[in-house]
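Participant: Here it is, the structure in full.
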Amino acid sequence: MLNREAVFVNGFSRGGTTMLTNLLASHPDVCLVGETHHVFKGHNITDNAWRVLNKCLFHDAPILMGQGQNFFSPRLVQPRKPLKSWSQRLVDRVLYREKLRSNHPVFNRYKTAGLEYTRDEIAESRLLCKNIDGMIYGNDAFVDMYPDATFFGLVRNGFAVCEGHVRRGRSAKEIGWRYRVLVNKMLSDCDRIPSYQMIRFEDLVDNPMGTLQAVYAHAGLAVDRVREIRMQVRRVMDSQGNHQLKGDGEWNVVWLSPSELNGYFDSDVDANQIRRLSARDRDDFLSEAEESMERLGYSMDRVEVPHESHYFCVPIPASDSERDQ
């Protein structure tokens, strides 16, 4: 395999995975290729029309025909067939080349503010991919391909995830089913894969530096090599239901000091979304996902700090010296 010590972040669409991948991509030894399925199909932020066609023909189509399954579709929420040996080599080569190609401001141009990577530094870096929704089932293949890989599962209060999809016209009951199936898959992977760690979105928002330390420790990354943390500008719902940009230009990268990171996220973001979910949508969601919410420690009737679970690392609170940096 061309990629060594790869890192995979698993989670829901509208679940906050961009925040976790940015924490990881802040380390100079890690380079991000974005959502795994976008490497093989669809439109990434860096793609033109020709690039999209090229990916479909030469990245996705051979796997689709050889496997007899739409392996890289996030909409396919079911187990994947094992990748054949030639498919593994193709997937590894495509991921490696995409890492080299992603010398773009929103991906891997800068290893810190104003300091660009060299091509050799990108080549030697650890691959970082984000598996969204049905692509979480791709872990079964990636564990076989990359025995030295590190895996993370990011979960979030299901009501907030549900609201993000209902607002876009999806059924709350369908989202509840997806939430249940994907939570069960992530927890199952956590139980069987030693290099898998679960993270809660709420812990990340409340204590980002503590989460960064815990994540880096799990991935074997030296935290003292990071002086600034990168974040991509995204829209966040305020208490009035408006979506406000946290900066200028969506997807632009900003670099934050540790003290700035600790105050960067809105701790009310879950509550702002959950209060906009109707009682009927809550009930429809819970008809499918109540057990999964309980396993993750989330309340069924209000927003509160989740109770502890053996699946999660508890982030170390940032020290006073870190806050003052």
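Participant: Please work out if Pro79 is surrounded by fewer than 16 Cβ atoms within 10 Å (Cβ to Cβ), under 21 Å from the mean Cα position of the chain (by Cα), within 16 Å of Phe142 (Cα to Cα) and not basic (Lys, Arg).
Facilitator: yes
Participant: So, in segment 110-153, exactly how many residues are among the charged types (D, E, K, R), in contact with a Pro (Cβ under 8 Å, 6 or more places away or on another chain) and under 18 Å from Ala222 (Cα atoms)?
Facilitator: Kept after step one, since they are among the charged types (D, E, K, R), are these residues of segment 110-153: 111, 116, 119-121, 124, 126, 130, 133, 140, 144, 148.
From what is left, the residues that are in contact with a Pro (Cβ under 8 Å, 6 or more places away or on another chain) are 111, 121, 133, 140, 144.
Within this subset, residues satisfying the condition of being under 18 Å from Ala222 (Cα atoms) are 111, 121.
Residues in segment 110-153 being among the charged types (D, E, K, R), in contact with a Pro (Cβ under 8 Å, 6 or more places away or on another chain) and under 18 Å from Ala222 (Cα atoms): 2 in total.
Participant: In this structure, is Pro194 surrounded by fewer than 20 Cβ atoms within 10 Å (Cβ to Cβ), out of contact with any Ser or Thr (no Cβ under 9 Å at 6 or more places or on another chain) and not charged (D, E, K, R)?
Facilitator: Yes; evaluated as a whole, the condition is true for this residue.
Participant: Restricting to segment 1-21, name every residue that is of a type in the set (S, T, N, Q), open to solvent by 10 Å² or more (accessible area, probe 1.4 Å) and part of a loop (DSSP other than H, G, I, E, B).
Facilitator: Residues of segment 1-21 of a type in the set (S, T, N, Q): 3, 10, 13, 17-18, 21.
Cutting the leftovers down to open to solvent by 10 Å² or more (accessible area, probe 1.4 Å) gives us 13, 18.
Ser13 - this is the single residue of segment 1-21 that is of a type in the set (S, T, N, Q), open to solvent by 10 Å² or more (accessible area, probe 1.4 Å) and part of a loop (DSSP other than H, G, I, E, B).
Participant: Against the condition over 30 Å from Ile175 (Cβ atoms), polar (S, T, N, Q) and open to solvent by less than 50 Å² (accessible area, probe 1.4 Å), how does Gln69 come out, does it pass?
Facilitator: Details: over 30 Å from Ile175 (Cβ atoms): no; polar (S, T, N, Q): yes; open to solvent by less than 50 Å² (accessible area, probe 1.4 Å): yes.
So Gln69 does not fit the description; no.
Participant: Out of the residues in segment 265-296 that are more than 23 Å from the chain's Cα centre (by Cα) and hydrophobic (A, V, I, L, M, F, W, C), which is farthest from Gly16 (Cα to Cα)?
Facilitator: Ala279
Participant: Give the residue that is farthest from the chain's Cα centre (by Cα), with candidates limited to residues of segment 154-191 that are within 30 Å of Gly220 (Cα to Cα), among the charged types (D, E, K, R) and open to solvent by 10 Å² or more (accessible area, probe 1.4 Å).
Facilitator: Asp191
Participant: Quickly run through segment 86-135 and pick out the residues that are among the hydrophobic types (A, V, I, L, M, F, W, C), surrounded by 14 or more Cβ atoms within 10 Å (Cβ to Cβ) and either over 21 Å from Pro62 (Cα atoms) or modelled with pLDDT under 95 (or both).
Facilitator: Quick first cut of segment 86-135, residues among the hydrophobic types (A, V, I, L, M, F, W, C) only: 86, 90-91, 94-95, 100, 106-107, 113, 115, 122-123, 127-129, 132, 135.
When the remaining residues are screened for being surrounded by 14 or more Cβ atoms within 10 Å (Cβ to Cβ), the result is 90-91, 94-95, 100, 106-107, 122, 127-129, 132, 135.
Leu100, Val106, Phe107, Ile122, Leu127, Leu128, Ile132 - these are the residues of segment 86-135 that are among the hydrophobic types (A, V, I, L, M, F, W, C), surrounded by 14 or more Cβ atoms within 10 Å (Cβ to Cβ) and either over 21 Å from Pro62 (Cα atoms) or modelled with pLDDT under 95 (or both).
Participant: Can I ask one more? Going through segment 43-83 one residue at a time, which ones are modelled with pLDDT under 95 and either of a type in the set (D, E, K, R) or touching a strand residue (DSSP E or B) at 6+ places or on another chain (Cβ under 8 Å) (or both)?
Facilitator: Asn44, Ile45, Asp47, Arg51, Lys55, listed by residue number.
Participant: Looking only at helices (runs of 4 or more DSSP H) that fall completely inside segment 159-229, which ones have 3 or more residues that are at pLDDT below 95 and of a type in the set (Gly, Ala, Ser)?
Facilitator: Numbers: elements: 172-192, 201-206, 208-219.
Qualifying helices (runs of 4 or more DSSP H): none found.
Participant: Taking segment 274-300 as the region of interest, how many residues are open to solvent by 20 Å² or more (accessible area, probe 1.4 Å) and either farther than 19 Å from Ile199 by Cα or in contact (Cβ under 8 Å) with a residue 12 or more places away in the chain (or both)? Full working, then the answer.
Facilitator: Step one: list which residues in segment 274-300 are open to solvent by 20 Å² or more (accessible area, probe 1.4 Å), which gives 275-276, 278-284, 286-288, 290-291, 294-295, 300.
Still in the running and either farther than 19 Å from Ile199 by Cα or in contact (Cβ under 8 Å) with a residue 12 or more places away in the chain (or both): 275-276, 278-284, 286-288, 290-291, 295, 300.
Residues meeting the conditions: 16.
Participant: Continuing with the same structure: Of the numbered conditions (1) modelled with pLDDT of 70 or more; (2) surrounded by fewer than 18 Cβ atoms within 10 Å (Cβ to Cβ); (3) out of contact with any helix residue (DSSP H, G or I) (no Cβ under 8 Å at 6 or more places or on another chain), Arg235 fails exactly one; give the number of that condition.
Facilitator: Unmet for Arg235, out of (1) modelled with pLDDT of 70 or more; (2) surrounded by fewer than 18 Cβ atoms within 10 Å (Cβ to Cβ); (3) out of contact with any helix residue (DSSP H, G or I) (no Cβ under 8 Å at 6 or more places or on another chain): (1).
Participant: Run Leu115 past the list (1) under 21 Å from the mean Cα position of the chain (by Cα); (2) more than 26 Å from Cys190 (Cα to Cα) and report the number of the one that doesn't hold.
Facilitator: Result: Leu115 passes all but (1).
The values are calculated or read from the model by the stated rules, or taken from the named source; none is laboratory data. Keep in mind the model is a prediction, meaning the values are calculated, not measured. Every residue, glycine as well, gets a Cβ built from its backbone with ideal geometry; the counts of neighbours run over all protein chains shown. SASA here: full protein model, heavy atoms, side chains in, ligands and nucleic acids out. Shrake-Rupley method; radii C 1.70, N 1.55, O 1.52, S 1.80 Å.
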